[in-house]
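The values are calculated or read from the model by the stated rules, or taken from the named source; none is laboratory data. What you see is a predicted model, and the numbers here were worked out from it, not measured in a lab. When we count neighbours, we look across all protein chains shown, and the Cβ atoms used for this are built from the backbone with ideal geometry, even at glycine.
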Amino acid sequence: MRLPDSFLDDLRSRLSLSQVVGRKVVWDMKKTNQAKGDWWAPCPFHQEKSASFHVVDSKGYYYCFGCQAKGNLFGFVQESENVGFMEAVEILAREAGVPMPARDPKAAEKADRASELAKVTEAATKWFRMQLKTGAAQEARAYLERRRLAPETLDRFEIGFAPSQPDALLTALLAKDIPFERIEAAGLALVEEDGRRRDRFINRIIFPIRDARDRVIGFGGRAMNPNAPAKYLNSPETELFDKGANLYNLRAARTAAGKGQPLVVAEGYMDVIALSQAGFEAAVAPLGTAVTERQLQLMWRVSPEPLIALDGDAAGQKAGLRVADLALPLVEAGQALRFAILPEGVDPDDLIRAEGPGAMRRVLDDAVPMLTLLWRRATEGRSFDSPERRAMLDRDLRALLGRISDASLRRHYGQEVARLRAELFGVPVTDALPAAPPPPPEDGRWAPPPEDGRWAPSPPDRPWQGNRRRPRRGAPLPAATTTRTSALVQGALDPDALLEQVALAGLVLHPALIEEFAERLEGTSWSRGDHGRLATALLRLPPGAAPDAARAHLIDAIGPDALDSLLAQPQIRISPVARPGATADDARPCIEGAFVSLDTRRGIDREAREALEDFADGGDEAMTWRLAQAARRRHDAARVSDGMKGEAVAEASNASYYDDLLATPPRKTRRKK
């Protein structure tokens with residue numbers, strides 16, 4: 001089976017070589033230059049300790065200086081997986097989430113047709129360039145001179161001209177024995193309603209568009225007639241030209257970005273050409289449409305943090321926000337956007353011509369993160385002088401954060417949003433948005449005092465903050481309680497508190513697991529204020545902190561006596577998390593089991609309360625059975641938390657109690673009179 005070149009190109013654009021190779025190697029980050037797409041690692045094809053295996057993302061090849069292994073994306077999968085070419089393509093297609101082309105005999109015919117259309121567009125490019133040198137293009141040349149485009153720039157971008165005659169190109173191509181059907185399929189000619197054939201581009205400056213394989217796939221045309229219906233006209237969608245899957249100047253920009261230049265995304269062709277001429281050669285632009293998800297992925301293949309250059313007018317700001325909204329669910333660590341905002345009413349070409357490349361460099365250096373743009377949209381021009389308006393802002397911000405797919409990144413965005421919100425309202429910084437307090441407990445199990453910190457009343461001049469906040473790293477923690485009064489060292493704790501202690505102690509002793517359990521730490525309603533303060537301190541630890549450094553940080557946060565007493569508790573000393581030589585893998589199921597048991601116990605409480613409510617409306621055997629089962633499960637869960645043996649935790653982590661909750665209760669039976 002012959003695969004279409006367009007399909008292979010699609011795989012290359014969706015999957016970077018470093019992404020695929022990274023599954024088999026551990027990168028040497030001291031030698032690697034991630035921003036340039038230059039990666040080094042020990043070779044996966046022979047035994048070595050040094051990093052001699054080199055991957056260059058911008059060129060799509062790898063080479064080992066030890067064993068001389070070399071190849072491209074498909075070759076690496078063939079060698080590493082010991083498969084043939086077609087199997088390698090299938091593996092990559094599954095990873096990219098794209099279906100394999102249908103195995104039909106027309107595939108080769110389609111590929112041949114695309115090649116024939118590319119020959120037509122190449123012939124048209126040469127003809128357009130020749131027309132720019134004729135007398136008919138005098139006005140076009142004068143326009144390009146006013147835009148200060150040097151002759152070498154015109155040659156580099158292959159800029160041409162389409163004369164005013166409605167069928168000039170068509171006549172020239174037909175004279176080369178190119179069929180009209182092929183010229184039309186390439187997007188260069190069309191048929192009028194009255195049956196006349198004419199060129200698509202008439203009296204326009206022509207910008208050829210090349211793809212990553214250096215084929216001319218389409219054209220953009222700038223009208224010389226100020227009364228033309230469209231100032232810019234692009235080729236229609238063809239078998240060669242997919243507007244949403246390509247970028248203007250992509251091939252040259254990829255090469256320049258590989259040499260360390262920042263990738264700049266401008267609005268149009270002239271902006272890209274002006275940027276390139278001024279030394280910003282890694283410049284691209286969408287093809288006459290709004291930026292698409294496919295184009296974002298192309299940008300991230302070239303650079304982990306493209307700079308979106310926005311015009312300073314309202315339309316430019318709206319365009320930037322559309323890009324930000326599109327990118328928000330896609331961003332992740334090492335894959336982001338920054339926005340360079342130009343002065344009002346100015347585009348990159350205007351700024352460079354008026355003030356020179358230095359002014360453009362300053363704008364790019366001052367580029368802001370994507371969150372800054374989204375925050376401005378949420379707050380500028382709005383008043384927050386009432387609780388209702390503040391609540392509306394909180395709702396909008398929660399919706400914004402909820403669109404971020406990456407959990408770790410969502411947490412960091414939440415911290416920054418909390419900081420910005422605190423600055424806006426003039427209140428102390430917290431690391432989470434306000435959350436609504438829970439309803440009062442129906443069984444009267446807890447009624448925490450204000451100093452506990454769980455549901456403390458808010459000052460009258462600020463919204464309620466709740467217990468799910470996490471002070472940002474570096475901010476002072478509330479004063480630690482003394483050893484005598486600390487709940488961490490009290491012996492008479494209820495089972496919920498014992499389970500919480502096991503989970504917290506496990507993370508104190510194995511801080512490498514904190515990121516994995518961050519959402520649990522953040523979302524748990526702690527039964528004691530000291531537990532909540534310790535959870536906050538754990539979340540503040542720098543990523544990758546060693547156990548000794550983590551311990552020093554926690555001692556500063558909650559005090560040495562409280563921490564030592566926690567680790568000395570009997571249920572901690574017999575727990576797998578504290579065994580000599582215990583690893584993170586040993587501790588993980590125990591910590592998970594503690595959290596699962598907490599969820600189980602609290603779910604049982606809800607089940608019992610609901611059963612009591614139903615019982616009040618009219619009891620029967622089914623309701624009695626539900627109450628008995630809830631009591632039994634609560635007793636079993638308490639036994640698990642009393643001992644917290646490794647086997648019991650493993651059983652709890654399987655959530656067997658939930659199986660009981662889902663069991664079918666006995667059917668009602670009629671009482672005998």
remark   = Within segment 16-63, restricting to residues that are β-branched (Val, Ile, Thr) and under 27 Å from Ala252 (Cα atoms), the one that is nearest to the chain's Cα centre (by Cα) is Val20
ask   = Of the residues that make up segment 186-202, is at least one over 24 Å from Ser115 (Cβ atoms) and crowded, with 20+ Cβ neighbours inside 10 Å?
value = yes
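For (1) buried (at least 19 other Cβ atoms within 10 Å of the Cβ); (2) assigned to a helix (DSSP H, G or I); (3) at pLDDT 90 or above; (4) not aromatic (Phe, Trp, Tyr), each residue gets a yes or a no:
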{"site": "Phe339", "(1), (2), (3), (4)": "yes, no, yes, no"}
{"site": "Leu351", "(1), (2), (3), (4)": "yes, yes, yes, yes"}
{"site": "Ala354", "(1), (2), (3), (4)": "no, yes, yes, yes"}
{"site": "Ala359", "(1), (2), (3), (4)": "no, yes, yes, yes"}
{"site": "Val363", "(1), (2), (3), (4)": "yes, yes, yes, yes"}
{"site": "Leu373", "(1), (2), (3), (4)": "yes, yes, yes, yes"}
{"site": "Ala378", "(1), (2), (3), (4)": "no, yes, yes, yes"}
{"site": "Met392", "(1), (2), (3), (4)": "no, yes, yes, yes"}
{"site": "Leu397", "(1), (2), (3), (4)": "yes, yes, yes, yes"}
ask   = If we only count strands (runs of 3 or more DSSP E) wholly inside segment 130-240, which ones have 3 or more residues that are within 26 Å of Gly268 (Cα to Cα) and of a type in the set (Gly, Ala, Ser)?
value = 216-223
message = Any residue in segment 257-270 that is on the phi > 0 side of the Ramachandran plot sitting within a Cβ distance under 7 Å of a residue that is modelled with pLDDT under 90 and surrounded by fewer than 22 Cβ atoms within 10 Å (Cβ to Cβ)? List the pairs, counting only those 6 or more apart or interchain.
response = Gly260/Lys36
remark   = Filter segment 197-227 for residues that are out of contact with any helix residue (DSSP H, G or I) (no Cβ under 9 Å at 6 or more places or on another chain) and touching a residue at least 12 places away in the same chain (Cβ under 8 Å); the one that is farthest from Phe7 (Cα to Cα) is Asn225
query = Here are some conditions: (1) surrounded by 14 or more Cβ atoms within 10 Å (Cβ to Cβ); (2) touching a residue at least 60 places away in the same chain (Cβ under 8 Å). Ala150 meets all but one. Which one does it not meet?
reply = (1)
Hey, Arg198 under 30 Å from Val302 (Cα atoms) and of a type outside the set (A, V, I, L, M, F, W, C) or not = no
note = Taking segment 144-161 and keeping only residues that are of a type in the set (A, V, I, L, M, F, W, C) and touching a helix residue (DSSP H, G or I) at 6+ places or on another chain (Cβ under 6 Å), one is left with Phe157, Phe161
request  = Please go through segment 276-320 and pick out each residue that is touching a strand residue (DSSP E or B) at 6+ places or on another chain (Cβ under 7 Å), assigned to a loop (DSSP other than H, G, I, E, B) and within 15 Å of Ala257 (Cα to Cα).
outcome  = Phe280, Ala282, Pro304, Glu305, Pro306
query = Yes or no: Pro542 surrounded by fewer than 22 Cβ atoms within 10 Å (Cβ to Cβ), assigned to a loop (DSSP other than H, G, I, E, B) and in contact with a Lys or Arg (Cβ under 8 Å, 6 or more places away or on another chain)?
reply = yes
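Within segment 96-121, track down each residue that is at pLDDT 80 or above and surrounded by 13 or more Cβ atoms within 10 Å (Cβ to Cβ).
Residues satisfying the conditions are Ala96, Val98, Met100, Arg113, Ala114, Glu116, Leu117, Ala118, Lys119, Val120, Thr121.
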